[in-house]
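To start, the structure itself, in structure tokens.
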Amino acid sequence: MSENRSIKRNCPIFCGLYGKDLSPQARYRCMCNSLFIVMLAITLIPLSITSGLNFFQYQQLVREDSRANARWNAESARATINAYLEKLQAAITVVIDSHSFEDLSDSQKLEQIFRQLKKEHQGLVDLSVVGADGIQTAYVGPYRLAGKDYSDSLWLHKALARRMYVSEVFTGFRNVPHFVVAASKKDPSLDRYWVIRASIDTETLDRFLALADTEVLEDIFLVNDSGILQSGSRFHGDVLESFQLTRKPKQSDIIIFEEMRGSSSFYRAVSRIPNTPWLLVLDQQGAESRKIWHIFKGRLQLTLGLCFLASGGMVFWLSRFLAGKFREADEARDSILSETEHSNKLASIGRLAAGVAHEINNPLAIIGEKAGLMQDLVGLEQDFRHREKFLDQLASLQNAVVRARTITHRLLGFARRMETSLTLVQLNGIITEVLSFLEKDAAYRNIHIILQLQENLPVIRADHGQLQQVFLNVINNAIDAIRSDGEIHITSRRENQKTVMVAISDTGPGIAQDVLRHIFDPFFTTKGNEEKKGTGLGLSITYGIVQKMGGKIEVSSEVGVGTTFIITFPVYKEGSEEESNDRA
Amino acid sequence: MTARRILIVDDEVDFGTTLAERLELRGYAAKAVSGAQEAMGVLADNWRPDVVLLDLMMPGVDGLATLDLIKQHDPKIQVIILTGHGSTESGILGMQRGLFDYIMKPVDIGDLIVRINEAGAQ
């Protein structure tokens, strides 16, 4: 438990960008976490709000579409049944208007009309004529219903009261569910009303309702105001079974109910079929169950999911990348500070050594000259009594001066290479040595160094260390000029019998002509405003060293193209050795 | 044949006079002075040296400034810096101002004479 606390204290999850009291590793990890949390919040909060709004909008659209679809389906089913009934009613009206009670009481005549009607009106079961006393005077159909007394039937009274009547579904004398369409007419000769009646089976209604079957339809049926099913229902029972509606529309309105069943939404549309005792009930699923909405929802979820994943991934990568950059920058700064400290320490030691050497050189020179003069004078005096002994002592003194001089010159050499030691050197070897120092830096900056070194290049006579310094300065300048991504071409070849040359070209930004004129001047630098401040002595020292070795350094440059340094040295020839030694 | 004239300019008077004496023993006409002012006085007295041996670190006018004065007076006079306070930078600066050579103290008299002769021959 306490260990856990200790870990949390040493590496908290959130600490902002500055966890001053933490170890570097914990600080960067914590910085990374903090960046991740902050950026994730910045990215995901607006994304979540957008997603929420999108989801809300989607729900609204689905709801509106569900209601519109339910209304449209109900209207469509109502129109189908209505059209059937209106057509049948119109036919019966024509029959009753064009015939008298006596005409239609003739069974043959009635059968003729029935056959004609049956051709045009599917579901028609029978046709009969009923007198005002309720006795069926004529009947055409499959049942034996002639002479039946309907004086107590509700439909008869309704038909007599109205000119046209569509009944509820009932079983009647035939004991089979059906409904009737009846029309009444007054017989002018008898001054009494009579009725013509057509029976239609309920399967006809079922067939019409089945036409409304859609992708999301659950159930469609008819019910009357008393709650008796007027057609078969898929879920609420068979015809004439009981079913109660909670709300009923007035007149021709369509009312829509929405209810949740589990996780799905359902819509019920209820409408009255005009001039009938029926209410049409249509149950269907919400529009989200439709394939098109299902695909839309899936794509919306996929898009949002991908957005969340991409944002999360991006933030994860970015937080690590930025924390890594912070870390690299801090490490680079620490490294520079450490190098600077080291250089300053070395420079201090160098200055101290040089100061000591300089201060000793002057009295040493006096001792040397005094001893030398004494040697000269004693050497001239042939008769001097202790001449040999004096000369021995003075020679020892001079040797001591030489030894001390060697020490002071070494001290100065440590501080700065002052002494020149000429040896035969191979330029290609020096270039390769120098590149071994710089290759890493160049590779790190993606700078390709392309070598074209001539084999069997003649040797030159030069100071190995100082020549290294020359190439180090020039190639280093080329790398600094390019900064990153470029090429450095180094070519060595024998120019003629007397000279060898090395050309160092870079693909850096080039040097303007007014700057180029001063490039070898002491204390002239172009690195003043950059991170790596120059002393302005690098190229002037290079220039001095090359000249001292009898060589020549030239520079040419074009802004935007690059810069080329050409360094030439005299080829070593036997016999010129002594002269060179003296110059050194 | 007249002896080569050597002017030694060094604030270490003891060093300058001793070196002058040694050079005279070797057949040169040498004079030692302790600073730029005296050196210019010698030049003004029509004693034109062939070679000047010049110290770098001197109070008042330093070696490089003295070099400029001498070169302004007579660009043909060859000057060799002979100093205990040498540095690459001062050497390069001197070379750019027409310095013949640059030698660190203490120096072997034989080596010095070789350089003086080379300078005198220019």
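The values are calculated or read from the model by the stated rules, or taken from the named source; none is laboratory data. Bear in mind that the values here come from a model prediction, so they are computed numbers and not experimental data. Please note: Cβ atoms are built from the backbone with ideal geometry, for glycine as well, and neighbour counts cover all protein chains shown.
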**Request:** Find the helices (runs of 4 or more DSSP H) located wholly in the range A:499-584 whose residues include 1 or more that are at pLDDT 75 or above, and list them.
**Result:** A:513-516, A:538-548
**Prompt:** Within the range B:97-115, can one find any residue that is assigned to a helix (DSSP H, G or I), at pLDDT below 85 and within 8 Å of chain A (Cβ to nearest Cβ)?
**Reply:** no
**Request:** Tell me which residues, restricted to the range A:398-422, are in a helix (DSSP H, G or I) and modelled with pLDDT of 75 or more.
**Result:** A:398, A:399, A:400, A:401, A:402, A:403, A:404, A:405, A:406, A:407, A:408
**Message:** Out of A:259, A:218, I need the residue that is assigned to a strand (DSSP E or B), surrounded by 12 or more Cβ atoms within 10 Å (Cβ to Cβ) and at pLDDT below 90. Which one?
**Reply:** A:218
**Item:** Test result for residue A:165, without any contact (Cβ under 8 Å) to a residue 60 or more places away in the chain, assigned to a strand (DSSP E or B) and under 30 Å from residue A:219 (Cβ atoms)
**Value:** yes
**Prompt:** Looking only at the range B:17-46, which residues are without any contact (Cβ under 8 Å) to a residue 24 or more places away in the chain and under 22 Å from residue B:61 (Cα atoms)?
**Reply:** B:17, B:20, B:41, B:44, B:45, B:46
**Asked** Name the residues in the range A:423-475 that are outside any helix (DSSP H, G or I), touching a helix residue (DSSP H, G or I) at 6+ places or on another chain (Cβ under 8 Å) and among the small types (Gly, Ala, Ser), would you?
**Response** none
**Request:** Check B:80, B:70 and return the single one that is within 21 Å of residue B:11 (Cα to Cα) and within 14 Å of another protein chain (Cβ to nearest Cβ).
**Result:** B:80
**Request:** Filter the range B:1-26 down to the residues that are more than 14 Å from every other protein chain (Cβ to nearest Cβ) and exposed (fewer than 15 other Cβ atoms within 10 Å of the Cβ), then identify the one that is farthest from residue B:91 (Cα to Cα).
**Result:** B:1
**Request:** Could you figure out which of (1) surrounded by 14 or more Cβ atoms within 10 Å (Cβ to Cβ); (2) at pLDDT below 90 isn't true of residue A:39?
**Result:** (2)
**Prompt:** Quick one: in the range B:86-95, which of the residues that are within 8 Å of chain A (Cβ to nearest Cβ) and part of a helix (DSSP H, G or I) is modelled with the lowest pLDDT?
**Reply:** B:88
**Message:** Go through the range A:134-162 and report how many residues are in a loop (DSSP other than H, G, I, E, B) and either exposed (fewer than 14 other Cβ atoms within 10 Å of the Cβ) or within 60 Å of the chain's Cα centre (by Cα) (or both).
**Reply:** 6
**Asked** So how many residues does the range B:1-41 have that are β-branched (Val, Ile, Thr) and touching a strand residue (DSSP E or B) at 6+ places or on another chain (Cβ under 6 Å)?
**Response** 5
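Scan the range B:27-34 and tell me whether some residue there is within 14 Å of chain A (Cβ to nearest Cβ), part of a helix (DSSP H, G or I) and under 22 Å from residue A:375 (Cβ atoms).
no
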**Request:** Give the residue, chosen from A:213, A:206, A:201, A:253, that is out of contact with any Cys (no Cβ under 8 Å at 6 or more places or on another chain), closer than 29 Å to residue A:155 by Cα and loosely packed, with under 15 Cβ neighbours inside 10 Å.
**Result:** A:253
**From A:129, A:95, residue being in contact (Cβ under 8 Å) with a residue 40 or more places away in the chain and outside any helix (DSSP H, G or I)** = A:129
